[in-house]
Amino acid sequence: MSNEISENRSKLKDFIASIATISGDLSNITAPPFVLATNSTVEVPQYWADHPHLWAAPALEEDAQKRALLVLKNFLGSLRGQQYAGRREEDGVKKPLNAFLGELFLGSWSTQELGETRLVSEQVGHHPPITACYLWNDNVGIRAQGFTEQEITFSGSVSIKQRGYAIVHVDRFEEDYLLPLPDIKVKGLLSAVPHPELHGEYSLISSSGYVSHIKFLAGKSSLLLGSSGPKHAFEASVFHADRPRDTLYSVEGVWNAEFVIRDARTGAEVEAFDVRTVPQQRLSVSDIGDQDPWESRRAWSEVVDALRQGDMKGVTRAKSVVENGQREMRKEEEAQGRQFEPVFFKRVESDAVFERLVTHDTGGFSVDRQAGFWKVDLDALAKASKPFHGDLLPTNQRAGGGAQTRERSEPTVSHGTPEEESAQNGTPVRQDDSAAYEPRTNPARKEGIAPVEQPTNEGEPTDAQVENFLRAKTGNVRSGST
C-alpha cells in the first residue's frame, strides 16, 4: 500500500505540474487512472431528469407564470446530480472518462403516473468534444434537447467553460424554454473532498415572455485547497421580459441542499425545497450483454471493472484499446476523405428558437458557431436499430472476426505506447496527438519517502497535500498484473 501511494503521489504531482504549463484547452487530456470516475461524460445528461416528476411538472401546469417557476425549480434541482455525477458529495468529484466520438448512452425512467421518459445521449464531436442529448416523454408532452462543448483549463483550480444550451418544449402550450449551461470550477483539487462551484449569471428564457435570472455566489477560492464562504449558494428571480423590474418570485439558498421560493409581491414563502429529500430515480439501461458495442457502459466495461478493482495498470491497458482504436479510425477517415456520422443527431447551421430567445440575455450563452448547432434527428430516432454502426466496433475492429479484428484485451495495444507511458508517469497526453507538446518532466523521486512541506512553484501541490489526496481517494488501489 505505501509503495502504491508513494508511486501515485509522484504521478499526481507530475500531472498537476504538467497541466499547469499548458495554456490551452485540456478537454482531451488523459488523466492518471486513479483520478478517473467510473462513468463517461456522455452519461451526464441523465441527471437533467433523474427526478422524473420534477422534470415533467411544467407540462401539467396551466399557468404560464408558474410553468416558468417549475422549469427553474427543476433546473436548480438537477444541478446536484449533474455536478457530482451521481456520487456522494462527501466523496468529492472525479474526472469522467473522455467520451469517444460516436459513444452512446440510452435509457429510460418509468413511473405509473407519467409513463416512460426516455434519453438518448451521443458524443457528436471530438475536436472540440461535443455531447448532444434528447429527453422526451410523449405521454405528458414534454421534451428537451441540447448540446455542450466543454473547454477545460487549469490555473490553481480546474475551470470548465461550457458552450451550448438546452431547449425544453412543452407540447400542449407550444412553449419553449432556453436553458443555460453554467461554467464550473473544481476547487480543493487536493483536499479530501474536491468540489464543483458554478460561476456567473444566467437566464432561463421562456417563449411566453417569462425570464428566470440566476446569480451563483461562489465562495473565494484558495488555489488547490478549496474555498472560503458558502458553497453552492445562489439567488434567482422570476419576472416578465416586458416588466424586468417587477419581480414575481425570488429564490435563494444552495443548489445542493435547500432553497426557498418566495412570492416577491407579498413576501410570502411559497415553498422550501430540499433536493436531498427528493429521491433520484435510477435510469434503466439494458444489460451490458444486450447493449450495442457503441453504448457507453459496454464500451468502457473493462475500464470500469479495473477501476472498481483498483487495478490501475488494467485501467490503462483497457483504455488504450479504445483510445488507440479511435485514433486509427480518425486516420482512416481522413485518408478516405470522409467524416464520422453520428446516429441520432445532425449538425445544423442555425437554430431559430435559440436565436429568438437569446435576445433577452445575449451575455448568458456561449455557442461555438464554427462547431455548429446540434439537433436530434427524429427520423433516425424512429428508424435506427442495433447494431448502430454495423460490424464496426469503437476499437476500430470488426465484429465476428476478420483481418482487422483483435481481442479487446490483446496486450500488444497496451505496452510501449507514448500515451500509456505518459499516463502511468502522471503526465497528460492529448488524445489526438501525443507529440502536440512537450510535457514538463520532473526529477525522479525515491519511493517510500514520507512527504514533507516544502516550497513549490505557484500552482504545484506540496508532498503532504498529495499524500492526503491519495490516501482519501485511492485507499483500495492495488498493483495490476501485466
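Can you find a residue that is within 27 Å of Ser237 (Cβ to Cβ), outside any loop (DSSP other than H, G, I, E, B) and either of a type in the set (Phe, Trp, Tyr) or over 15 Å from the mean Cα position of the chain (by Cα) (or both) anywhere in the stretch 147-156?
No, the conditions are met nowhere in the stretch 147-156.
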Given the condition crowded, with 23+ Cβ neighbours inside 10 Å and over 27 Å from Thr359 (Cα atoms), answer yes or no: does some residue in the stretch 136-143 qualify? yes
Filter the stretch 107-124 down to residues that are under 21 Å from the mean Cα position of the chain (by Cα) and surrounded by fewer than 22 Cβ atoms within 10 Å (Cβ to Cβ), then give me how many there are. 3
Taking the stretch 166-192 as the search range and keeping residues that are out of contact with any helix residue (DSSP H, G or I) (no Cβ under 9 Å at 6 or more places or on another chain) and part of a loop (DSSP other than H, G, I, E, B), which one is modelled with the lowest pLDDT? Gly188
So Arg80 fits all but one of (1) closer than 30 Å to Leu248 by Cβ; (2) modelled with pLDDT of 95 or more; what number is the exception? (2)
Within the set of pairs 6 or more residues apart or between chains, which connect a residue that is under 23 Å from Trp300 (Cβ atoms) inside the stretch 272-287 to a residue that is basic (Lys, Arg) and at pLDDT 90 or above with Cβ atoms less than 8 Å apart? Val285/Arg297
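Residues checked against (1) under 27 Å from Asn98 (Cβ atoms); (2) modelled with pLDDT of 95 or more; (3) of a type in the set (A, V, I, L, M, F, W, C):
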{"site": "Leu223", "(1), (2), (3)": "yes, no, yes"}
{"site": "His232", "(1), (2), (3)": "yes, no, no"}
{"site": "Phe239", "(1), (2), (3)": "no, yes, yes"}
{"site": "Val251", "(1), (2), (3)": "no, yes, yes"}
{"site": "Ala257", "(1), (2), (3)": "no, no, yes"}
{"site": "Arg298", "(1), (2), (3)": "yes, yes, no"}
{"site": "Glu334", "(1), (2), (3)": "yes, yes, no"}
Considering residues that are among the polar types (S, T, N, Q) and surrounded by 12 or more Cβ atoms within 10 Å (Cβ to Cβ), the number found within the stretch 338-392 is 1
Restricting the search to the stretch 112-155, which residues are of a type in the set (Ser, Thr, Tyr) and modelled with pLDDT of 95 or more? Thr117, Ser121, Thr131, Tyr134, Thr148
Condition check: among the acidic types (Asp, Glu), touching a Leu at 6+ places or on another chain (Cβ under 9 Å) and under 22 Å from Ile130 (Cβ atoms). Does Asp292 satisfy that? yes
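Which residue, of Arg143, Arg163, is in contact (Cβ under 8 Å) with a residue 40 or more places away in the chain, basic (Lys, Arg) and part of a strand (DSSP E or B)?
Selected residue: Arg163, the only one of Arg143, Arg163 that is in contact (Cβ under 8 Å) with a residue 40 or more places away in the chain, basic (Lys, Arg) and part of a strand (DSSP E or B).
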Looking for something part of a helix (DSSP H, G or I), on the phi < 0 side of the Ramachandran plot, among the hydroxyl-bearing types (Ser, Thr, Tyr) and surrounded by fewer than 19 Cβ atoms within 10 Å (Cβ to Cβ) - is there at least one such residue anywhere in the stretch 267-282? yes
Yes or no: the stretch 113-136 includes at least one residue that is in a loop (DSSP other than H, G, I, E, B) and without any contact (Cβ under 8 Å) to a residue 60 or more places away in the chain. no
Take the residues of the stretch 212-221 that are in a strand (DSSP E or B) and closer than 16 Å to Pro182 by Cα: which is modelled with the lowest pLDDT? Leu217
Given (1) modelled with pLDDT under 95; (2) within 22 Å of Tyr47 (Cβ to Cβ); (3) crowded, with 16+ Cβ neighbours inside 10 Å; (4) of a type in the set (Val, Ile, Thr), where does Val304 come up short, assuming only one miss? (1)
Going through the stretch 352-390 in order, the residues found to be without any contact (Cβ under 8 Å) to a residue 40 or more places away in the chain and acidic (Asp, Glu) are Glu355, Asp377, Asp379
Is it the case that His195 is in contact with an Asp or Glu (Cβ under 9 Å, 6 or more places away or on another chain) and either over 18 Å from Leu76 (Cβ atoms) or at pLDDT 95 or above (or both)? no
Among the residues of the stretch 360-377, write down those that are part of a helix (DSSP H, G or I) and either out of contact with any strand residue (DSSP E or B) (no Cβ under 9 Å at 6 or more places or on another chain) or acidic (Asp, Glu) (or both). Thr362
Residues that are among the polar types (S, T, N, Q) and part of a helix (DSSP H, G or I), drawn from the stretch 287-327: Ser296, Ser301, Gln309, Thr316, Ser320, Asn324, Gln326
Just the residues that are touching a strand residue (DSSP E or B) at 6+ places or on another chain (Cβ under 7 Å) and free of Cβ contacts under 8 Å to residues at least 60 places away in the same chain, please, taken from the stretch 166-178. His169
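The values are calculated or read from the model by the stated rules, or taken from the named source; none is laboratory data. Not measured: the values here are computed from a predicted model. Here the Cβ is made from the backbone with ideal geometry for all residues, glycine too, and neighbour counts use every protein chain on show.
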